[in-house]
1. Every residue in the range 13-32 that is modelled with pLDDT of 95 or more and of a type in the set (Asp, Glu), please.
2. What pairs come up if the first residue lies in the range 73-98 and is assigned by TED's automatic domain parsing to the domain that holds residue 61 and of a type in the set (Asp, Glu), the second is at pLDDT 95 or above and assigned to a loop (DSSP other than H, G, I, E, B), and their beta carbons are under 6 Å apart, counting only those six or more places apart or on different chains?
3. Inside the range 272-292, can you point out the residues that are hydroxyl-bearing (Ser, Thr, Tyr) and within 15 Å of residue 241 (Cα to Cα)?
4. Which of the residues spanning the range 345-362 are in a strand (DSSP E or B) and in contact with a Leu (Cβ under 7 Å, 6 or more places away or on another chain)?
5. Which condition from (1) more than 20 Å from residue 138 (Cβ to Cβ); (2) outside any helix (DSSP H, G or I) is the one that residue 12 breaks?
6. Give the residues of the range 255-299 that are within 27 Å of residue 155 (Cβ to Cβ) and touching a Lys or Arg at 6+ places or on another chain (Cβ under 7 Å), sorted by residue number.
7. Can you pull out every residue in the range 106-150 that is surrounded by fewer than 19 Cβ atoms within 10 Å (Cβ to Cβ), under 23 Å from residue 79 (Cβ atoms) and hydroxyl-bearing (Ser, Thr, Tyr)?
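The values are calculated or read from the model by the stated rules, or taken from the named source; none is laboratory data. Given the structure is predicted, the values throughout are model-derived calculations rather than measurements. Positions of Cβ are backbone-derived with ideal geometry, glycine not excepted, and every protein chain shown enters the neighbour counts.
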Amino acid sequence: MPKPVFFGVTPEFLAREGLTEAIEPWEDGLRAETGPGSFEWWYFDAHLDNHTTIVIVFATKPILERGGPLKPTVLLTLNCSKRKRISRAAFFPASQFRAARETCDVVIGPNRVQGNLHTYQVHVEMEADPVTASGPLTVNLTFTGLVPPWRPGAGKAYFGDLDHYFAWLPAIPYGRVEGTIDCDGEIHPVSGIGYHDHNWGNIGLNEVMDHWYWGRARIGEYTLIYVEQICAQEYGYTRMPVFMLAKGDRVLTGDGSKLTMKAAEFVPHPGGRAWPREVDFYLRDGSDSIHLSLRQPQLIEAVSLLASFPTWKRLLLRLFANPYYFRFNAEMVLTLHLGNLHATERGPALFEIMILQGKKHP
């Protein structure tokens, strides 16, 4: 019999976690222990006006090293409009990690993020990479939320019992970004739009999740977060859909219980996985309906999650699993019929695919 999964979206789970509908600054502070068994990361991404995309992650340890000790990690991926891509990972001794519990204030070596659910200052320094002959890189960005922080219920999913969990908080579903990128000694002022969320837990995602699709978009006046999560076979391939739709700075719906997804026209990847050219999300509730159509995906990142391991260990682990991460830019058509609200909007969207076991995924 499959193990149970509890998706903490009801008022009972809010009370259990000491939460209310209003999100407090401490919820974006350090939430998990940093030693073996737990993990945590603070994620930021930005789409800049010059068509550059940037992803920054502050983490207590790499995603597949939950069982290990504190291994402070900073990840930076920069995709420029001229098809230039910079991807860096920096690891630091445990002594160079500090994080506050009452608010978001995380320090990893010379890197730091500070924020209060509305405004965040992100500073990242990466050394030169002799392998790619690229120089040092320094990023200073300010994220300012334009849509208030949100979470589905308590923002937690519990696996097997109520002691083992994975948690998620989108602190900035949509916001403005301004700052500078210092690349090879040249400082470039930048601006654009951005997103920030926070994840933590005490159970291995590779143990409880088969795969997920996650995406976000800002199209016209509308902000969307859309997620299809499929649990591992041991948990009965339970679905945990998540959906948020806001118009301006007002959330119209945060109920993803009726969300479904279809993916089609899969393309094989040299890494041994496959990704779809067509992804559709549907939400139907009586006469209300929402349709998200994602087309013309452009692959901007494809990474084996085994990359942080030594070569000999990667070869060994590939005998048992092939965890993979894909990230895309795509064109979205949003079709809305909610009460008296009827709209069709088109624009760019982002989505990712995380394949941890992939028994239910090509």
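1. Hits for the range 13-32 are 24, 27, 28.
2. The qualifying pairs do not exist here.
3. Within the range 272-292, just 282 meets the criteria.
4. 345, 349, 351
5. It fails just one condition, (2).
6. Those that are within 27 Å of residue 155 (Cβ to Cβ) and touching a Lys or Arg at 6+ places or on another chain (Cβ under 7 Å): 258, 280, 283, 284, 285.
7. Within the range 106-150, 132, 134, 138, 142, 144 meet the criteria.
Residue-wise test of (1) charged (D, E, K, R); (2) part of a loop (DSSP other than H, G, I, E, B); (3) assigned by TED's automatic domain parsing to the domain that holds residue 342; (4) under 19 Å from the mean Cα position of the chain (by Cα).
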residue	(1), (2), (3), (4)
195	no, no, no, yes
199	no, no, no, yes
216	yes, no, yes, yes
224	no, no, yes, yes
227	no, no, yes, yes
